[in-house]
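Scroll down for the structure; my scribbles are underneath it.
The values are calculated or read from the model by the stated rules, or taken from the named source; none is laboratory data. Note that the structure is predicted; figures quoted are calculated from it, not measured. A quick note on method: Cβ atoms are made from the backbone with ideal geometry, for glycine too, and the neighbour counts reach across all protein chains shown. In case anyone asks, the SASA skips ligands and DNA or RNA and just uses the protein heavy atoms, side chains included. Shrake-Rupley method; radii C 1.70, N 1.55, O 1.52, S 1.80 Å.
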Amino acid sequence: MAPDPADVEAFRGAVERALGLELAEVRTGELSETLGRRARARGLAPGAYVRDLVARGAAHPEWREVTQELTICETYFFRHAEQLRAFVGVALPERLRARAGPRDLRILSAGCASGEEPYTLAILLREHGVDAGPAIRGVDLNRAMLERARRARYSAWALREAPEAMRRRWFAEEGRDAVLDPSIRAMVSFEERNLAAEEPSLWAPELYDVIFCRNVLMYFSPERAREALARITASLAPGAYLFLGHAESLRGLTDDYLLRSAFGTFFYQRRGGAEPERRAEALLPPLPWRASPLAADGGWFEAIRGASERIQALSDPPGVTARGDAPAELDLRPVVALLERERYAEALDALDALAPEAAHGPDARLLRAVLLTHVGRPAEAEALCREILALDERGAGARHVMALCREHVGDLRGAMEHDLVAAHLDPTFAMPRLHLGLMGRRAGERSAAARDLEQALGLLAREDDGRLALFGGGFTRDGLIALCRSELARLGGAA
Ligand SMILES: C[S@@+](CC[C@H](N)C(=O)[O-])C[C@H]1O[C@@H](n2cnc3c(N)ncnc32)[C@H](O)[C@@H]1O
């Protein structure tokens, strides 16, 4: 007989408190079956089983059985390759500089399952000649998974994303299995640990250089995730790195990190490192336009204005369209109307004339940042964007304005990065794509520029009116589309 729903709910709550796992409504059937099965195995009624489990505490062996049944342990070697590139290309070199030597590196794979993640990191260290010794710690709650990890014997399926060269170099074939090289195994230690518990010896202050905690916290309840994150944060050295899974983000959870992007992916850096953004930039592979041809060439504002004559020949003149929707609940429409007519200084005055608390709302701040870039005050605009991003790091608009500001001061690398983040945060946002395309074309990056402009063209057709008014530099939708087409034509691409 199926357990009583009240017992299932009590079990759900007990699992959440002990293991951190939030068993969603859709997993109720699974939860109920697990409860029934385990209660029978212990010769108890379901209600009595739950009470016993709670009374004995999270260290009781019965929790292992529950863990085995309820954890999701999907993993494989070289998972999310772009994050691994960021690990090798950004996190590793930076942390090696921060430490006295490679043997001081400390890397944690939190929720390592059957070991593929920490072993991948070990392979990457070896491949890049970093002799870090047994630097990597893999921890998980699931004892059966840890046993598999220690055996280090894998199926072809676990290696489906591993590059062929890595497979040949670091695995020996034994029947149908691939057995990991002992020298890689020696770099990783495994421990049974609960990320939802205090575990002071795991979370020593400022211990780790890099923590991979991918696809783990997404199964936690918000409360447990917040607690686990606090432990993770405290145990990362200032300037150290945190990699989460693709579906996970720190949005709204903490302000202790900088959101970083490189190699087409996102990751987090604990604040407090020495000038992290500039240092990281210096370590990224130099881009061909580093010499800043755009800065000499005038940049975005000049580009967009310089193109206006060509655009006029191609489309209706970029007139002023009175658009009804303000970007906020506040009535910012008069300010936006002035912005659309390129009367930036007046618009700024009008905005400043609003009540101070209104002027400090997020939309008004963003509008102010846009206006400041137009009146040639990029440093103030950038400072404002940083404030906006400190409150919400996923603000694509503020990211794009940061890109404009960076470009203004000749930092093309920074401008590209901010636009890439903006485009990633909001894939429907046309302006960062257009900006990337313009910068790319002027820098001679023809194929990348054409790709960005083609994308911008598609996005502009659907772009939100309010956002066009805010970021369109005084151009109408048609004007911007025409700009895209003419830039594409100059690249010799199909427009
Ligand atoms: C989906 S796997 C992720 C494996 C690897 N990080 C990856 O991304 O490929 C999630 C792992 O988190 C572990 N886990 C879940 N709750 C945990 C907890 N409270 N403490 C430690 N590990 C936990 C599970 O046992 C499972 O092995």
With a Cα-only, solvent-free Debye model of the chain, what are the log10 I(q)/I(0) values at q = 0.06 Å⁻¹? -0.37
Nitroxide proxy distance, nm - points 7 Å out along Cα→Cβ at ALA234 and ASP392: 3.1
Bridge type composition, the chain - antiparallel percent by DSSP, nearest 5: 45
Rg/Rh for the stretch 153-246 to two decimals, with Rh computed the Kirkwood way over all alpha-carbon pairs. 1.06
Separation between Cα centres of the stretch 205-261 and the stretch 92-118, rounded to whole Å: 15
Using alpha-carbon positions, what is the distance between the centroids of the stretch 413-441 and the stretch 358-405, in Å? 16
Mind pulling the angle between the C-alpha long axis of helix 5-19 and the longest principal axis of the chain? Nearest 10 degrees, somewhere in 0 to 90. 80
Mean accessible surface per residue for the chain, computed with a 1.4 Å probe while every protein chain stays in place, in Å²: 44
Antiparallel bridge percentage (DSSP; both residues within the stretch 81-283; nearest 5): 45
Can you show me the helix-derived [θ] at 222 nm for the chain, built from DSSP H runs with n ≥ 4 at -39,500 (n - 2.57) apiece and divided by the number of residues, rounded to the nearest 500. -15500 deg cm²/dmol
Given the Cα-Cα distance of GLN68 and ASP131 and 0.36 nm per residue of separation, how much length would full extension add, in nm? 19.2 nm
Two-site FRET efficiency, ARG56 against GLU9, from Cβ-Cβ distance with R₀ of 22 Å, rounded to 0.05: 0.65
Among PRO61, LEU21, SER32, the residue whose Cα sits farthest towards the positive end of the charge dipole of the stretch 5-70 (+1 at Cβ of Lys and Arg, -1 at Cβ of Asp and Glu, taken about the Cα centre) is PRO61
Could you tell me the relative contact order of the chain? Use alpha-carbon pairs under 8 Å, at least six residues apart, and round to a whole percent. 11
Could you work out how far helix 477-490 tilts from the main Cα principal axis of the chain, as a 0 to 90 degree angle to the nearest 10? 90
Taking the C-alpha atoms of the stretch 441-492, convex hull volume expressed per residue in Å³: 73
How long are the semi-axes of the equivalent ellipsoid of the stretch 5-70, taking √(5λ) for every eigenvalue λ of the Cα gyration tensor, in whole Å from largest down? 15, 14, 11
Give me, ordered by chain and number, the residues 5 or more places off ALA240 or on other chains with an amide H under 5 Å from its own placed amide H. ARG270
Note: probe point = Cα of ARG150 + 7 Å toward Cβ; backbone nitrogen < 19 Å; residues of the stretch 157-188 passing the test are 179-188
How would the stretch 64-214 be classified by its alpha-carbon gyration tensor: rounded, prolate or oblate, with rounded meaning a/c under 1.5 and the a/b versus b/c comparison settling the rest? oblate
Can you give the FRET efficiency to the nearest 0.05 for ASP181 and ARG226, using r as the Cβ-Cβ distance and R₀ = 30 Å? 0.15
FRET efficiency estimate (nearest 0.05) - Cβ-Cβ, ARG40 to SER189, R0 41 angstrom: 0.65
0 to 90° range, to nearest 10: angle between helix 378-391 axis and the chain longest Cα axis: 30
Which value, in Å² rounded to 10, gives the accessible area of THR120 with a 1.4 Å probe and all protein chains present? 0
Roughly to the nearest percent, how much of the accessible area of the chain is carbon and sulfur, given a 1.4 Å probe? 51
Using θ = phi - 60° and the Karplus form 6.51 cos²θ - 1.76 cosθ + 1.60, what ³J(HN,Hα) does each residue of the stretch 22-39 get, whole Hz, x for Gly and Pro? 9, 8, 5, 3, 5, 9, 4, x, 4, 4, 5, 5, 4, 4, x, 5, 5, 5
